[in-house]
């Protein structure tokens with residue numbers, strides 16, 4: 001027997017991935033916005049800073065094969081040194097329906113917050129809104145996290161989990177609604193809830209009552225050259241659109257939704 005039997009086998013080489021998911025940053029920090037940096041800072045505060053560095057190289061090399069985010073869980077596959085990619089799951093404690101109702105009620109009075117979210121920005125004071133109802137937007141303890149990887153590494157997070165965290169942070173850069181979806185509220189559900197709490201209804205786009213004439217030169221003419229446009233017929237229930245939303249709900253729906261059919265029926269009966 002060789003006297004070198006005790007030596008460990010050299011570590012297996014990582015299998016490169018073609019067209020894998022990779023972060024845009026090639027050096028330095030990966031998170032660009034304050035909210036994605038906040039997410040990385042939370043992980044570092046939990047003692048994961050050194051371990052995250054192991055996955056940064058994986059995230060830049062494109063070793064993440066796939067990643068999907070849904071309410072409270074992120075699922076990914078990450079290619080390591082074995083032929084089959086490792087299965088990765090990162091879960092976070094989602095807020096309950098009742099808790100989200102409280103958040104929506106608080107956000108409904110902050111029109112600027114909604115405008116920034118729709119513009120792809122996370123309002124800087126949104127954490128205080130969550131804290132006001134006894135919640136934290138970003139996790140602050142391991143009790144709120146659940147991390148799993150099918151690799152044999154006993155450390156959590158391993159480099160496969162860490163690589164997924166960096167991809168996740170960059171997805172937050174692109175769409176801040178994903179942070180809220182991860183906490184249990186999808187984008188459209190949140191917007192619908194905010195509209196409901198504000199008591200607003202979607203207003204139809206009205207046609208221009210004074211369209212330009214077909215001949216551009218006639219626009220500058222005076223006298224009888226430009227005939228007066230006929231008065232536009234008012235749509236049934238148009239008066240409802242000119243009023244501020246009524247602060248009255250019937251069976252959980254705005255009162256105006258019940259008045260519109262009555263206006264329409266009255267107009268058709270004339």
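The values are calculated or read from the model by the stated rules, or taken from the named source; none is laboratory data. These numbers were taken from a predicted model, which means no experiment stands behind them. All Cβ positions, even for glycine, are placed from backbone atoms using ideal geometry, and neighbour counts span all protein chains on display.
So which residues in region 114-143 are over 21 Å from residue 170 (Cβ atoms) and in a helix (DSSP H, G or I)? Talk me through it step by step, then tell me what you get.
Keep residues of region 114-143 that are over 21 Å from residue 170 (Cβ atoms), which gives 114-115, 125, 128-136, 140-143.
Residues satisfying the conditions are 114, 115, 128, 129, 130, 131, 132, 142, 143.
Among the listed residues 167, 114, which satisfies the condition of being assigned by TED's automatic domain parsing to the domain that holds residue 40 and crowded, with 19+ Cβ neighbours inside 10 Å?
Numbers: 114 fails: crowded, with 19+ Cβ neighbours inside 10 Å.
Unique residue meeting the criteria: 167.
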Given (1) surrounded by fewer than 17 Cβ atoms within 10 Å (Cβ to Cβ); (2) under 16 Å from residue 74 (Cβ atoms), residue 172 misses just (1)
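One line per residue, one yes/no per condition, for (1) assigned to a helix (DSSP H, G or I); (2) assigned by TED's automatic domain parsing to the domain that holds residue 124; (3) at pLDDT below 85:
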site: 16; (1), (2), (3): no, no, no
site: 25; (1), (2), (3): no, no, yes
site: 55; (1), (2), (3): yes, yes, no
site: 68; (1), (2), (3): no, yes, no
Of all residues in region 61-73, which are under 11 Å from residue 183 (Cα atoms) and crowded, with 18+ Cβ neighbours inside 10 Å? 69
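Return yes or no: is residue 60 part of a strand (DSSP E or B) and out of contact with any helix residue (DSSP H, G or I) (no Cβ under 8 Å at 6 or more places or on another chain)? Before you say what the answer is, go through the steps one by one.
Numbers: part of a strand (DSSP E or B): no; out of contact with any helix residue (DSSP H, G or I) (no Cβ under 8 Å at 6 or more places or on another chain): yes.
No: the conditions fail for residue 60.
For region 146-159, give me each residue that is touching a helix residue (DSSP H, G or I) at 6+ places or on another chain (Cβ under 7 Å) and under 20 Å from residue 72 (Cβ atoms).
Narrowing region 146-159 to residues touching a helix residue (DSSP H, G or I) at 6+ places or on another chain (Cβ under 7 Å): 147, 149, 151, 155, 157, 159.
Selection gives 147, 149, 157.
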Matching residues in region 27-44 - criterion: being at pLDDT 80 or above and over 15 Å from residue 171 (Cα atoms): 41, 42, 43, 44
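Would it be correct to say that residue 135 is surrounded by fewer than 19 Cβ atoms within 10 Å (Cβ to Cβ) and either at pLDDT 90 or above or not assigned by TED's automatic domain parsing to the domain that holds residue 73 (or both)?
On the way: surrounded by fewer than 19 Cβ atoms within 10 Å (Cβ to Cβ): yes; either at pLDDT 90 or above or not assigned by TED's automatic domain parsing to the domain that holds residue 73 (or both): yes.
Judged against the criteria, residue 135 is a match.
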Subset of region 79-93 [modelled with pLDDT under 90 and surrounded by 15 or more Cβ atoms within 10 Å (Cβ to Cβ)]: 93
